[in-house]
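A.B. asks: Below is the structure I would like to discuss, written out as structure tokens.
The values are calculated or read from the model by the stated rules, or taken from the named source; none is laboratory data. Quick caveat, the model's predicted, so the values are computed rather than measured. Glycine also receives a Cβ, built like all others from the backbone with ideal geometry; neighbour counts cover every protein chain displayed. Areas reflect the complete protein model, heavy atoms only, side chains present, ligands, DNA and RNA absent. Shrake-Rupley method; radii C 1.70, N 1.55, O 1.52, S 1.80 Å.
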Protein chains: 2
Amino acid sequence: MEPDREITLACPVPFAEGQKIQLAHGGGGRLMHRLLDDVILPALRKDQLAELHDCALVPTPATTRLAFTTDSYVVRPLFFPGGDIGTLAVNGTVNDLAMGGARPVWLSAGFILEEGLPWEILRRVCQSLRQAADAAGVSIVTGDTKVVERGKGDGIFINTSGIGVVEHGLPLGPRQVRPGDAILLSGDVGRHGIALMAVREGIRLETALESDCAPLAQPVRRLVDADVPIHCLRDLTRGGLASALVEIAEASALAIQVHEDRIPVHDTVRAVCEILGLDALHVANEGRFVAFVPSEHAERALEILHGDPLGTDARQIGNVEAGEPGRVTLRSSFGTTRILDMLSGEQLPRIC
Amino acid sequence: MEPDREITLACPVPFAEGQKIQLAHGGGGRLMHRLLDDVILPALRKDQLAELHDCALVPTPATTRLAFTTDSYVVRPLFFPGGDIGTLAVNGTVNDLAMGGARPVWLSAGFILEEGLPWEILRRVCQSLRQAADAAGVSIVTGDTKVVERGKGDGIFINTSGIGVVEHGLPLGPRQVRPGDAILLSGDVGRHGIALMAVREGIRLETALESDCAPLAQPVRRLVDADVPIHCLRDLTRGGLASALVEIAEASALAIQVHEDRIPVHDTVRAVCEILGLDALHVANEGRFVAFVPSEHAERALEILHGDPLGTDARQIGNVEAGEPGRVTLRSSFGTTRILDMLSGEQLPRIC
């Protein structure tokens, strides 16, 4: 085995070297049924999944709009400080729904497994999926399992798709953003990417650093329930805070100014970024978001966010301006400014 | 490149050796935006996708139940006679919704791309996705793209999840099956698996054989609209007709008897099965289904199916009986019988 493969499959607790995934486990026969019965269903089982039919039937919610989203997860390593691919697969999709202002309700889970994967790894990931789903208040109601040959996959890939209900009338989106809008950031940035990178690079940290991976539906719901007239929400995943701001500036054809000293960055994140030559503003997060709100509602929105465990560090980091469309300016505490841009690619591949 | 890799990526039309997928195309930065703008969105674009936000918002349909399903597609080769991974990714998921008696409405599309994949291959697959979606009357409203390193994937994997609306009150499912029920089969079996296998094994066929890959929502809808009191529907994918019957016999705790000479098998399918030592009843299909209906409705149901292009060869192949729970008996034209069972694994891996 190559060394990085060891990391990919490294499970944080010891497990007996037992059964492994075979190609036949994806074949629709007895072996697939055994895999489902012994590993996947005991962890995920809900009434809907127990039916084992081609699709799940769910009651139509009493709202006028549904949110629908999909994400595939290919993160490496599979297990990282603060979570694993299962946690991420629930929270990432829940957060996409939350950014549409929706209350996440149902998830699907589709596995692509590589031949040779230990059952125990899959079992642990399924347990994480279930725990994260319970924590986020969503039900995993339908699923699928495929197996590919050794060397044609990478342990486990998971796709989760999600359905949420929209219980408000806000249009939400970059085109709703207006000059003067306050930009609120829910917490410190860069933890997820740096926690993973430290594992991958074998960097020993003096202070334990965990991914920020978390479900953001509740803090969003608090804002919506309090009738804060939000213009746009965006979670800070691939590309980090910088990319999110640039995307919204471009889509709204407005300018954005943010203040560097108002953007919280954990000391350890800052230190690892220096070692690796990374910019924390471009590093992926999995439990942070920005909210664009009319400036007169900023203070109240912040108070609401501070009342949520995932928003205790929330603060206003800047404003939207009627300047050059798409330009994002970062102002330092010394008064100097620099333009923030999207990166060409990604500093850290396979972060989610 | 290994030889089977050539097949996997073999595109049926010549294309200029142009840009290839890089890891950075999955990074959330400028390169990912260019891939979306140049390749994926031109093929898939719908109003919803154009918004490019974290999730799609769709109007809640005026029914009491929704169907929700997911499937990942890892088929090899990517292009095969009668379709490609894009066609399959739409029809497979549409069919899962149809088997729940639902009218498919919205799909998601999640791509896991391998570094080095030619853009042109992705472009063609996206075009197939769009064409198949148009043909099936569904909209692809949300998507996701991830990139993994060379050797950690296999060209393209696609997950599609689907939402359908249930416009009838039938409970549908193996537990609704009753002794005496007629078992209707929509057409000949084994084409999809054999068409793929012939390509993989380099078998030259005298008669062209295409996959049966097709969307089954319309023939199901005809049955539902005509108030046929269907008990159970099942499409014949991995594991083929035999596995579907055994699963339903086991889940309903009833016995099933089917007649071998009533199960249509194309001559070429039969011939290739003989060469390769396969049993057509276990071979995967992607456009065939069985319907379990009360026997007094069988004749009318068949007439309805015969009126649909995907049901012209439909026929009754047997009945449900109050015999040994889970036993499926195949009766030959000579009057001999044999027990049909699920295979342990799958004769043909990565068929869907």
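A.B. asks: Could you list, ordered by first residue, the pairs with Cβ atoms under 7 Å in which the first is in segment A:194-209 and closer than 14 Å to A:V283 by Cβ and the second is open to solvent by 60 Å² or more (accessible area, probe 1.4 Å) and assigned to a loop (DSSP other than H, G, I, E, B), at least 6 apart or interchain?
C.D. replies: A:A195/A:E210
A.B. asks: Looking at segment B:44-162, what helices (runs of 4 or more DSSP H) fall wholly within it and have at least 2 residues that are more than 11 Å from every other protein chain (Cβ to nearest Cβ) and modelled with pLDDT of 95 or more?
C.D. replies: B:85-99, B:119-136
A.B. asks: Hey, can you tell me all the residues within segment A:163-172 that are part of a loop (DSSP other than H, G, I, E, B) and within 16 Å of A:R103 (Cβ to Cβ)?
C.D. replies: Hits for segment A:163-172 are A:E167, A:H168, A:G169, A:L170, A:L172.
A.B. asks: Taking the options A:T63, A:T69, name whichever one is surrounded by fewer than 22 Cβ atoms within 10 Å (Cβ to Cβ) and under 18 Å from A:A217 (Cα atoms).
C.D. replies: On inspection, the qualifying residue turns out to be A:T63.
A.B. asks: Scan segment B:198-223 for residues that are aliphatic (A, V, I, L, M), away from chain A (no Cβ under 14 Å) and open to solvent by less than 60 Å² (accessible area, probe 1.4 Å) and jot them down.
C.D. replies: Answer for segment B:198-223, where residues must be aliphatic (A, V, I, L, M), away from chain A (no Cβ under 14 Å) and open to solvent by less than 60 Å² (accessible area, probe 1.4 Å): B:A198, B:V199, B:I203, B:L205, B:L209, B:A214, B:L223.
A.B. asks: Could you go through segment A:227-242 and let me know if any residue there is under 14 Å from the mean Cα position of the chain (by Cα), acidic (D, E) and under 25 Å from A:L330 (Cα atoms).
C.D. replies: Among the residues of segment A:227-242, at least one is under 14 Å from the mean Cα position of the chain (by Cα), acidic (D, E) and under 25 Å from A:L330 (Cα atoms), which makes the answer yes.
A.B. asks: Every residue in segment B:293-314 that is in contact with a strand residue (DSSP E or B) (Cβ under 8 Å, 6 or more places away or on another chain) and either within 14 Å of B:G187 (Cβ to Cβ) or free of Cβ contacts under 8 Å to residues at least 12 places away in the same chain (or both), please.
C.D. replies: B:L302, B:L305, B:A314 - these are the residues of segment B:293-314 that are in contact with a strand residue (DSSP E or B) (Cβ under 8 Å, 6 or more places away or on another chain) and either within 14 Å of B:G187 (Cβ to Cβ) or free of Cβ contacts under 8 Å to residues at least 12 places away in the same chain (or both).
A.B. asks: While we're looking at this one, here's another question. Looking only at segment B:185-238, how many residues end up being assigned to a loop (DSSP other than H, G, I, E, B) and among the β-branched types (V, I, T)?
C.D. replies: Here the count works out to 6.
A.B. asks: Only residues in segment A:77-102 that are over 23 Å from A:Q176 (Cβ atoms) count as the first member; pair them with residues that are among the basic types (K, R) and crowded, with 24+ Cβ neighbours inside 10 Å, Cβ under 8 angstrom, at least 6 apart or cross-chain, and list the lot.
C.D. replies: Between residues of segment A:77-102 that are over 23 Å from A:Q176 (Cβ atoms) and residues that are among the basic types (K, R) and crowded, with 24+ Cβ neighbours inside 10 Å, the close pairs are A:G82/A:R191.
A.B. asks: I've got another one for you. Pick from segment B:113-131 the residues that are hydrophobic (A, V, I, L, M, F, W, C) and open to solvent by less than 10 Å² (accessible area, probe 1.4 Å): which of them is farthest from B:V58 (Cα to Cα)?
C.D. replies: Among residues in segment B:113-131 that are hydrophobic (A, V, I, L, M, F, W, C) and open to solvent by less than 10 Å² (accessible area, probe 1.4 Å), the one farthest from B:V58 (Cα to Cα) is B:L117.
A.B. asks: Same structure, new question: Residues of segment B:306-325 being over 25 Å from B:G287 (Cα atoms) and in contact with a Leu (Cβ under 8 Å, 6 or more places away or on another chain), which ones?
C.D. replies: Residues satisfying the conditions are B:E321, B:A322, B:G323, B:P325.
A.B. asks: Show the residue pairs meeting these rules: Cβ distance below 9 Å; 6+ apart or different chains; first residue within segment A:180-193 and assigned by TED's automatic domain parsing to the domain that holds A:P77; second residue of a type outside the set (K, R) and open to solvent by less than 10 Å² (accessible area, probe 1.4 Å).
C.D. replies: none
A.B. asks: Looking only at segment A:16-38, which residues are more than 13 Å from every other protein chain (Cβ to nearest Cβ) and at pLDDT below 90?
C.D. replies: A:A16, A:E17, A:G18, A:Q19, A:D38
A.B. asks: Continuing with the same structure: Give the residues of segment A:163-184 that are touching a helix residue (DSSP H, G or I) at 6+ places or on another chain (Cβ under 7 Å) and within 11 Å of another protein chain (Cβ to nearest Cβ), sorted by residue number.
C.D. replies: A:G164, A:P174, A:R175
A.B. asks: Quick check: anything in segment A:146-168 over 25 Å from A:M32 (Cα atoms) and more than 20 Å from the chain's Cα centre (by Cα)?
C.D. replies: yes
A.B. asks: Please identify the pairs in which a residue from segment B:325-352 that is within 12 Å of chain A (Cβ to nearest Cβ) has its Cβ atom under 9 Å from the Cβ atom of a residue that is β-branched (V, I, T) and not in a loop (DSSP other than H, G, I, E, B), counting only partners at least 6 apart or on another chain.
C.D. replies: B:D341/B:V246; B:D341/B:V328; B:M342/B:V246; B:L348/B:I194; B:P349/A:V147; B:P349/A:V148; B:R350/A:V147; B:R350/A:V148
A.B. asks: Please work out which one of (1) over 18 Å from B:G287 (Cβ atoms); (2) open to solvent by 10 Å² or more (accessible area, probe 1.4 Å); (3) assigned to a loop (DSSP other than H, G, I, E, B) is the condition B:R175 fails and give its number.
C.D. replies: The one condition B:R175 does not meet is (3).
A.B. asks: Which one of A:E114, A:E120 is over 21 Å from A:C55 (Cβ atoms) and touching a Phe, Trp or Tyr at 6+ places or on another chain (Cβ under 6 Å)?
C.D. replies: Exactly one residue qualifies, and that residue is A:E120.
A.B. asks: Confirm whether A:D188 is among the acidic types (D, E), touching a strand residue (DSSP E or B) at 6+ places or on another chain (Cβ under 9 Å) and at pLDDT 95 or above.
C.D. replies: no
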